[in-house]
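The values are calculated or read from the model by the stated rules, or taken from the named source; none is laboratory data. If you're wondering where the values come from, they're calculated on a predicted model, not measured in any experiment. Neighbour counts are summed over all protein chains in view; Cβ atoms, including those assigned to glycine, are modelled from backbone coordinates with ideal geometry. Surface accessibility is based on the protein's heavy atoms, side chains included, excluding ligands, DNA and RNA. Shrake-Rupley method; radii C 1.70, N 1.55, O 1.52, S 1.80 Å.
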Amino acid sequence: EIYSLHVDSKVTSRFAHTVITSRIVNRANESREATFEVELPKTAFITNFSMSIDGEVYPGIIKEKAAAQNEYDTAVSQGQSAGLVKIRDRKLEQFHVSVSIAAASKVTFELTYEELLKRQLGKYELLIKVRPKQLVKHFQIDVHIFEPQGIHFLETDSTFMTNELTEALTKVQNETKAHILFKPTLDQQKKNSELNETLLNGDFVVRYDVKREATAGDIQIVNGYFVHYFAPQEMPVFPKNVIFVIDRSGSMAGRKIEQTTDALLKILQDLRPEDHFNFITFNSKVVEWKSSLLPATEENVASAAALVQTLTARGGTDISGALLAAVGVLEKAEGLPERSVSMIVLLTDGQPTSGERNVEVIQENVQKAINGKYALFCLGFGFDVSYKFLEKMALSNGGIARRIYENADAALQFQGFYQEVATPILMQIEMQYPENSIEGLTKNNFKLFFEGSEIIVSGKISNELDLLPVEIKAQSHTSDLTLKEEANVKEKEQVFQNQRYIFEDFIERLWAYLTIQQLLEKAISAQEENQKALEAQALDLSLRYSFVTPLTSMVVTKPSDQQQKELANKPTEAG
């Protein structure tokens with residue numbers, strides 16, 4: 001029986017630190033399995049886990065993956081226990097551990113994870129999954145937010161709320177802080193008064209955005225580490241030249257091609273009159289809808305919609321031919337707006353089966369052809385795609401990859417992705433800082449900035465600087481911009497001094513989290529020897545800041561009468 005479940009999330013300047021504590025008692029008169037199951041965002045890193053049984057604490061220890069595996073292999077004969085973490089769905093992974101406890105004994109599980117909230121379509125989202133599977137006497141979710149820039153708006157949303165449950169939810173906020181408390185009683189948790197079934201099953205989401213002055217972003221400093229947030233607003237949008245490259249091979253037949261059609265019809269409606277577009281569909285044959293890019297006039301959009309509705313799926317998959325054809329159309333395009341952004345959006349559900357089949361060769365040829373001029377976005381539909389291949393291609397060509405999960409909302413996933421990249425407002429962004437006084441600077445050059453997102457740069461201020469000057473250079477649709485700002489280091493440090501619930505080194509941890517993410521991403525498209533060096537750096541930081549990343553594992557030990565060790569690894573989308 002879970003008698004207490006507490007989720008405590010502290011978000012300080014977009015960096016979220018979440019602790020989940022579950023207390024379980026065995027009321028039976030014999031020993032029983034106690035299970036702790038938590039779903040956490042894929043973007044988060046676990047940083048700590050422990051269980052204490054009758055006062056004895058069993059901590060999880062984070063080690064290099066290979067070392068942890070060796071230790072595990074010696075403790076357990078091969079084939080037992082599939083690891084403690086697995087991917088659940090599009091946004092979540094699941095951590096699951098069970099331990100046998102004696103009659104009348106108690107166990108407390110505690111899991112901590114951290115993540116940097118990413119701004120998408122104008123808001124940050126903190127997702128807490130609630131699935132206790134039973135009524136819990138003391139159930140509580142606490143979310144504390146502190147945003148020195150000021151909170152612009154804040155909303156909570158949940159998939160399981162009823163009128164009774166709404167009464168258990170309180171929200172207190174001022175200019176820069178908010179506290180959300182959700183504390184339903186046993187009666188409020190019940191589906192109905194007769195049955196002991198819980199209503200608590202689903203998502204509890206907090207969404208918010210911060211206030212922004214129209215300047216060169218916002219700088220925050222704690223203990224010599226800085227973070228710089230930049231999200232300009234109300235700027236003219238670049239016209240886009242976009243080519244949709246759509247897989248219509250046999251495996252797309254049925255539901256997938258229907259969902260693709262639905263999404264494309266909506267996306268066509270979202271094109272702006274100044275955009276240019278074209279379609280390439282492919283199976284073993286590559287078909288260009290038009291020989292050149294067309295302006296997104298009402299007429300052209302209607303004619304494209306008619307084409308999209310006739311899409312049928314059969315045959316093989318010539319990914320290489322289709323992508324090279326798309327580059328060809330962009331290469332010979334004439335009369336496009338002078339300052340515009342060109343992009344290729346590939347949607348495929350399989351491996352290359354016709355034309356060039358060697359993924360390394362395809363990657364190389366596509367990169368050569370694109371030559372840094374266009375952004376390539378790759379959407380992998382379902383689980384038969386080689387996600388690794390798509391991810392490497394996208395990251396090597398200034399874009400990103402996403403997996404579209406095959407379920408009812410696949411069309412919405414595709415559309416949502418398009419909305420994120422539909423409004424480029426800056427190009428060639430360079431964030432410049434004084435070279436000799438900053439160490440460990442995270443990525444500070446960005447090809448594109450899309451409205452509703454945010455650029456984040458972090459680093460360590462190495463010498464006794466009083467003022468941290470920053471300069472941002474970028475191209476907008478109408479002009480070349482230079483924005484300047486100076487941060488007073490002492491003043492900035494003061495902001496966080498008296499915040500009771502902030503963990504001291506949060507910007508340093510944010511810096512480590514961001515650096516690890518970027519090193520791992522860079523390693524995906526790097527050459528082999530370079531890849532090893534990037535991974536070694538990421539491993540070093542993962543161990544130093546105790547993050548469970550794809551390079552580390554957490555070894556969970558149990559009491560001596562049970563299977564001794566289990567491993568928690570970080571699953572990745574590429575498997």
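Odds and ends about this structure:
- Sorted on the mean count of surrounding Cβ atoms within 10 Å across their residues, most packed first, peptides 535-543, 509-517 read 509-517, 535-543.
- Cα gyration tensor shape for segment 404-535, rounded if a/c is under 1.5, else prolate or oblate: prolate
- Helix 359-370 vs. the chain, principal-axis angle (Cα, 0 to 90°, nearest 10): 50 degrees
- Segment 354-384: chymotrypsin sites (Phe, Trp or Tyr not before Pro) in DSSP loop, at most 15 other beta carbons within 10 Å: F383
- Distance between segment 355-401 and segment 282-338 - C-alpha centres, whole angstrom: 18 Å
- To put it simply, the accessible area of the chain at a 1.4 Å probe is 46 percent carbon and sulfur.
- The chain, helix-only ellipticity at 222 nm - DSSP H runs n ≥ 4, -39,500 (n - 2.57), divided by all residues, nearest 500: -7000 deg cm²/dmol
- Charge tally in the Cβ shell below 14 Å around Y72, where Lys, Arg are +1 and Asp, Glu are -1, Y72 excluded: 0
- Protection proxy ranking of 191-197, 356-362 - average other beta-carbon atoms within 10 Å, highest first: 356-362, 191-197
- Net charge over other residues, Cβ less than 15 angstrom from the Cβ of E33 (K, R count +1; D, E count -1): 0
- Projected onto its three principal axes, the C-alpha set of the chain covers 78, 61, 54 Å, listed from the longest axis down.
- Shape category assigned to segment 240-422 from the gyration tensor of Cα positions, a/c cut at 1.5: rounded
- Shape category assigned to segment 470-575 from the gyration tensor of Cα positions, a/c cut at 1.5: oblate
- Calculation over all alpha carbon pairs of segment 126-165 in 5 angstrom steps from 0 returns a P(r) of 5, 11, 25, 25, 15, 11, 6, 3 percent.
- Cα-based helix-to-principal-axis angle, 319-331 vs the chain, degrees rounded to 10: 50 degrees
- Computed with a 1.4 Å probe over protein heavy atoms only, the accessible area of T478 comes to about 100 Å².
- For K133 and K460, a Förster radius of 56 Å and the Cβ-Cβ distance give a FRET efficiency of 0.80, rounded to the nearest 0.05.
- Accessible area (Å², 1.4 Å probe, nearest 10) - L135: 30 Å²
- Net length gained if the chain between L265 and T159 were fully extended (0.36 nm per residue, minus Cα distance): 35.4 nm
- Spin-label model distance (nm) - N192 vs E298, 7 Å beyond Cα toward Cβ: 5.3 nm
- Formal net charge of residues neighbouring D89 (Cβ-Cβ distance under 14 Å; K, R +1; D, E -1): +3
- In nm, spacing of pseudo-spin labels at K285 and K91 (7 Å Cα→C-beta vector): 4.2 nm
- Potential lengthening between K368 and L169 on full extension [0.36 nm per residue; Cα-Cα distance subtracted]: 66.1 nm
- Efficiency of FRET between L543 and A574 - r from beta-carbon atoms, R0 30 angstrom, step 0.05: 0.85
- Which listed pairs, of K240/K522; K240/K368; K191/K565, have C-alpha distances above 29 Å, in listed order: K191/K565
- Taken as Cα centroids, segment 190-233 and segment 407-477 sit 19 Å apart, rounded to the nearest whole angstrom.
- Relative contact order, whole percent, for segment 240-422 stands at 24, derived from Cα pairs under 8 Å and 6 or more residues apart.
- Accessible area in the full protein assembly, largest first, 1.4 Å probe, for E338, E529, E125, E30: E338, E529, E30, E125
- Solvent-accessible ranking of K443, K368, largest area first, probe 1.4 Å: K368, K443
- A 1.4 Å probe over all protein chains sorts Y405, Y58 by accessible area into Y58, Y405, starting with the largest.
- Between helix 298-308 and the chain: long-axis angle, C-alpha atoms, 0 to 90°, nearest 10: 70 degrees
- Counting only protein heavy atoms and a 1.4 Å probe, segment 240-422 has 40 square angstrom of accessible area per residue.
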